[in-house]
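Values quoted throughout were computed directly from the atomic coordinates according to the rules given, and no laboratory measurement underlies them. Here the structure is a predicted model, which is why all the values come from computation and not from measurement. Here the Cβ is made from the backbone with ideal geometry for all residues, glycine too, and neighbour counts use every protein chain on show.
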Amino acid sequence: MTAEQIPAGALSPTSRRAGLNELRSRTEPLDLLVIGGGVTGAGVALDAASRGLSVALVEARDLAFGTSRWSSKLIHGGLRYLASLDVGIAKESALERHRIMTRIAPHLVHALPQVIPVFTDSPRKATTAARLGMLAGDMLRHNAKTPPEVLARSRRVSATEAEALCPGIRTDGLRGAVVAHDGQLIDDARFVVALARTAAVHGAIISTYTRATDVTGEGATLTDVLTGATFGVRAHAVINATGVWAGEVDRTVKLRPSRGTHLVVDSQSLGNPTGALTVPLGDSISRYVFALPQQLGRTYIGLTDEDAPGPIPDEPQPSDGEITLLLDTINKALARPLTRDDIQGVFAGLRPLVEEVGPGVSVSTADLSRKHLVAVGDSGLITVVGGKLTTYREMAEQAVDEAVTRSGLRAGPCHTSELPLIGATGSPDTSGLPDSLVARFGAEAPHVMDVAQVPDAAAQIAPGIDVTRAEIEFAITHEGACTVDDILARRTRIALVHKDADLARDAVTVIARSVDPAGV
């Protein structure tokens, strides 16, 4: 397949090679080089490409390799920021949530009931704070113009209704619950892939396993990690969107990473909840532990907020204390307490918090602002860092605005607030397709099956794992997966449970080698 024959939005081994060849042979500078393939970098690439700029995104590993795959998978309304009086961030989050759920990616986000139980022994302060917080959340939703059919108003429910939403809840002393709704992604890594693919539709070059070194505001040296080939690329503007690694690209950026940990349990151990059981953390009125029902029959329990100094690991590991804290907190509201034997997997991510305190001042990472930073270094390198997954789009817009202004680029206006991602529009016939496939691909679900060449395309990749063989092939031909681990860990999330990864790995490897024998 030649570069001209690559379908729009398809990230494949062929498109990757074509993109690198184009960068290597360019005689004119790019308008914009983006470094980092997480949600912010992918958002920057889409914003810039959709304004008509020539754009390349390079990522040293895989799309969503870092923090962007370790979130709680919530498209957050910003309620917790009101408790710390960050009204601006709360309003910004609610507005961006509205845009994602109604225009940008409604196929990847659904309303999730958040259930805060009220027991006879619940502290009055916590119950009152929860109800007031939910009312404030209603105000944020209303101001963002999010319709109630997308996110319902908060309400008090009976003990019976609370148990129906969260069957594992303890009923002794249960008086009822406060229920509000927030947005939940089917998966954060899938969201990043959709952003990158949509950027490719608009002409962006997306090149994973491409390391950038000697980065300045005018270009970088690129190394193809898979072949070792190295070459330089020039650009009118360069944006550093490497998240927790931003300080390694620009040493003037000072971050204070915070670790957030989640446990993975079988949803059956909690009675297959449809709502997120939400339990206050200690005496806090702004921090909670959530039991979040997910795809593939799993529930994630999180999350922590722990200072994480030192070198940045590829895959952060939770501490024993964090695991204990999460279990102890969620067990306060469960009829059958969970034990470590119930844990099927764990994951932890690092928040790239911008350091804002002075020397000698001790502040916990939970108290650091979630504001983002757009900064320009001495060489003209633009760094965008901080913030949250929900507000990636506004961060990207501000970073591209800065690049356009500083470099005098001719660009159209930003319109990503109205720009749907791949799979968000259209009404194809999805009858007969697995519900899980439609949830992960939206309107593109029939296409996943239509282009499949693998035998038994609709069959599960392994017994009890609700991922089709067609999706494994599609991960390579359309979603930029280069390795088996890309597929297991980021395109399907099978690898969050090690025993599931062991079950699926051989079948995934066979399909991957049949699609791209030279690459896997």
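Output ³J(HN,Hα) for the range 204-214: one whole-Hz value per residue in order, computed from phi by the Karplus curve 6.51 cos²θ - 1.76 cosθ + 1.60 with θ = phi - 60°, and x for Gly and Pro.
Result, ordered by residue: 6, 7, 10, 10, 7, 6, 9, 8, 9, 10, 6 Hz.
Taking the chain as the reference, fit the longest principal axis to its C-alpha atoms, fit the long axis of helix 498-515 to the helix C-alpha atoms, and give the angle between the two in degrees, 0 to 90, nearest 10.
Relative to the chain, helix 498-515 is tipped by roughly 20 degrees.
Excluding ARG393 itself, calculate the net charge of residues whose Cβ lies under 9 Å from the Cβ of ARG393, where each Lys or Arg counts +1 and each Asp or Glu counts -1.
Numbers: positive: ARG99; negative: ASP47, GLU96, GLU394, GLU397.
Its environment carries a net charge of -3.
Using Cα pairs closer than 8 Å and at least 6 residues apart in sequence, work out the relative contact order for the range 435-515, in percent. If you can, show how the numbers build up before the last one.
On the way: 80 pairs, mean separation 20.3, N = 81.
Relative contact order for the range 435-515 comes out at 25 percent.
Hey, which of these cross-link pairs are over 24 Å Cα-Cα: LYS332/LYS371; LYS91/LYS388; LYS254/LYS371; LYS73/LYS499? Kindly include the intermediate steps, with their values, before the conclusion.
Values: LYS332/LYS371 32 Å; LYS91/LYS388 13 Å; LYS254/LYS371 14 Å; LYS73/LYS499 22 Å.
Correct reply: LYS332/LYS371.
Need one number: nm distance between label points at ARG17 and SER284, each 7 Å from Cα along Cα→Cβ, rounded to one decimal.
5.0 nm
Report the Cα centroid-to-centroid distance between the range 319-335 and the range 164-226 in angstrom, as an integer.
Here the two parts' Cα centres lie 26 Å apart.
Using only DSSP helix segments of four residues or longer, with each worth -39500 (n - 2.57), what per-residue ellipticity at 222 nm results for the chain after dividing by its residue count and rounding to 500? Write out the running numbers ahead of the final one.
Values: 14 runs with 156 residues, N = 520.
Result for the chain: -9000 deg cm²/dmol, rounded to the nearest 500.
Mind giving me the nanometre distance, one decimal, between the label points for GLN453 and HIS142, set 7 Å out from Cα along Cα→Cβ?
Each label point is offset 7 Å from its Cα along the Cβ direction, giving 5.7 nm.
Tell me the angle of helix 188-201 to the major Cα principal axis of the chain, expressed in degrees between 0 and 90 and rounded to the nearest ten.
30 degrees
Taking LYS125 as the anchor, which aspartates and glutamates have their alpha carbon closer than 19 Å to its alpha carbon, excluding any fewer than eight residues away along the same chain?
Straight-line reach from LYS125, under 19 Å: ASP283.
Over the range 369-520, what is the relative contact order in whole percent, taking alpha-carbon pairs under 8 Å and six or more residues apart?
12 percent
What is the packing order of peptides 382-392, 134-144, taking the mean over residues of other C-beta atoms within 10 Å and listing the highest first? Spell out each step's value before the answer.
Numbers: 382-392: 25.9, 134-144: 18.8.
Ranked from most to least packed, the peptides come out as 382-392, 134-144.
Relative contact order of the chain: what whole-number percent is it, with Cα pairs under 8 angstrom and at least 6 residues apart? Mind dumping the intermediate values first?
On the way: 1114 pairs, mean separation 107.7, N = 520.
The normalised contact order for the chain reaches 21 percent.
Mind checking which aspartates and glutamates have their C-alpha under 15 Å from LYS145, skipping anything on the same chain fewer than 8 residues away?
Straight-line reach from LYS145, under 15 Å: GLU92, GLU96, ASP182, GLU418.
Just subtract the alpha-carbon distance of ARG410 and ALA335 from 0.36 nm times their residue separation and send over the number in nm, one decimal.
Working: separation 75, 0.36 × 75 = 27.00 nm, distance 6.12 nm.
Roughly 20.9 nm would be gained on extension.
Counting DSSP beta bridges with both partners in the chain, what percentage is antiparallel, nearest 5?
On the way: 58 of 75 bridges.
Roughly 75 percent of the DSSP beta bridges within the chain come out antiparallel.
How far is it, in nm, from the label point at ALA152 to the one at THR430 when both lie 7 Å from their Cα along the line to the Cβ?
My value for the distance between the label points is 2.1 nm.
Specify the angular offset, from 0 to 90 degrees and rounded to the nearest 10, of the alpha carbon long axis of helix 320-331 from the longest principal axis of the alpha carbons in the chain.
50 degrees
Projected onto the charge dipole of the chain (+1 at Lys/Arg Cβ, -1 at Asp/Glu Cβ, origin at the Cα centre), which of ALA136, VAL179, VAL404 gives the Cα projection farthest towards the positive end?
Farthest along the dipole direction, towards plus: ALA136.
If you take every residue apart from THR102 with its C-beta less than 12 Å away from the C-beta of THR102, what net charge results, scoring Lys and Arg +1 and Asp and Glu -1? Kindly include the intermediate steps, with their values, before the conclusion.
Details: positive: ARG97, ARG99, ARG103, ARG141, LYS145; negative: GLU96, GLU149, GLU418.
Result for the neighbourhood of THR102: +2.
Net charge near PHE65: determine it from the other residues with C-beta under 11 Å of the C-beta of PHE65, scoring Lys and Arg +1 and Asp and Glu -1.
Net charge in that neighbourhood comes out at -3.
Among 493-501, 288-296, how do they line up by average Cβ neighbours within 10 Å per residue, starting with the highest? Can you show the working numbers first?
On the way: 493-501: 19.8, 288-296: 21.4.
Top to bottom by mean Cβ count within 10 Å: 288-296, 493-501.
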